[in-house]
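Q: I am attaching a structure below and will ask some questions about it afterwards.
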């Protein structure tokens, strides 16, 4: 049984919400500051890579034409899913699940930065 925390919410749900909020805060800061540096611009693109790939696949394979605004919002919403899942894992009551969540977070960040950077350099 999952014990509620002080807010009355289960601990994994709070972890997922924190994961999503941290992602959105970092992403918003990078979007606001991306004009200052090309590195910040690339980091913002890397964080949004997962969502952009899914939206691109929808457009290519499912022949769905989305307006640019909808495409951008959908891309961000899809990109928030992995941080939410990782936050859920890290917020778990079981120690083994928290450790797996932390390890998965490190792997996710490394893969996002490496693959995103490679995709950007291939596009240049």
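Q: Quick one: would you say residue 14 is exposed (fewer than 14 other Cβ atoms within 10 Å of the Cβ) and either part of a helix (DSSP H, G or I) or touching a strand residue (DSSP E or B) at 6+ places or on another chain (Cβ under 6 Å) (or both)?
A: no
Q: Kindly check whether there is at least one residue in region 66-83 that is in contact with a helix residue (DSSP H, G or I) (Cβ under 7 Å, 6 or more places away or on another chain), assigned to a helix (DSSP H, G or I), over 21 Å from residue 120 (Cα atoms) and in contact (Cβ under 8 Å) with a residue 40 or more places away in the chain.
A: Yes, region 66-83 contains at least one residue that is in contact with a helix residue (DSSP H, G or I) (Cβ under 7 Å, 6 or more places away or on another chain), assigned to a helix (DSSP H, G or I), over 21 Å from residue 120 (Cα atoms) and in contact (Cβ under 8 Å) with a residue 40 or more places away in the chain.
Q: When you scan region 37-50, do you find a residue that is free of Cβ contacts under 8 Å to residues at least 24 places away in the same chain, within 20 Å of residue 116 (Cα to Cα), out of contact with any strand residue (DSSP E or B) (no Cβ under 7 Å at 6 or more places or on another chain) and assigned to a loop (DSSP other than H, G, I, E, B), even just one?
A: Yes: region 37-50 contains one or more residues that are free of Cβ contacts under 8 Å to residues at least 24 places away in the same chain, within 20 Å of residue 116 (Cα to Cα), out of contact with any strand residue (DSSP E or B) (no Cβ under 7 Å at 6 or more places or on another chain) and assigned to a loop (DSSP other than H, G, I, E, B).
Q: Could you please find all residues in region 84-99 being part of a helix (DSSP H, G or I) and either under 19 Å from residue 20 (Cβ atoms) or touching a strand residue (DSSP E or B) at 6+ places or on another chain (Cβ under 7 Å) (or both)?
A: 84, 85, 86, 87, 88, 89, 90, 97, 98, listed by residue number.
Q: Answer yes if at least one residue in region 100-109 is surrounded by 13 or more Cβ atoms within 10 Å (Cβ to Cβ), in contact with a helix residue (DSSP H, G or I) (Cβ under 9 Å, 6 or more places away or on another chain), within 22 Å of residue 42 (Cβ to Cβ) and free of Cβ contacts under 8 Å to residues at least 40 places away in the same chain, and no otherwise.
A: Taking every residue of region 100-109 in turn, at least one turns out to be surrounded by 13 or more Cβ atoms within 10 Å (Cβ to Cβ), in contact with a helix residue (DSSP H, G or I) (Cβ under 9 Å, 6 or more places away or on another chain), within 22 Å of residue 42 (Cβ to Cβ) and free of Cβ contacts under 8 Å to residues at least 40 places away in the same chain.
Q: Kindly indicate which of 40, 118, 74, 33 is closer than 30 Å to residue 9 by Cα and surrounded by fewer than 18 Cβ atoms within 10 Å (Cβ to Cβ).
A: The unique qualifying residue is 74.
Throughout, read-outs are computed from the coordinates displayed, never taken from laboratory work. All values derive from a computational prediction rather than experimental measurement. Methodologically, a virtual Cβ is constructed for each residue, glycine included, from the backbone with ideal geometry; neighbour enumeration extends over all protein chains shown.
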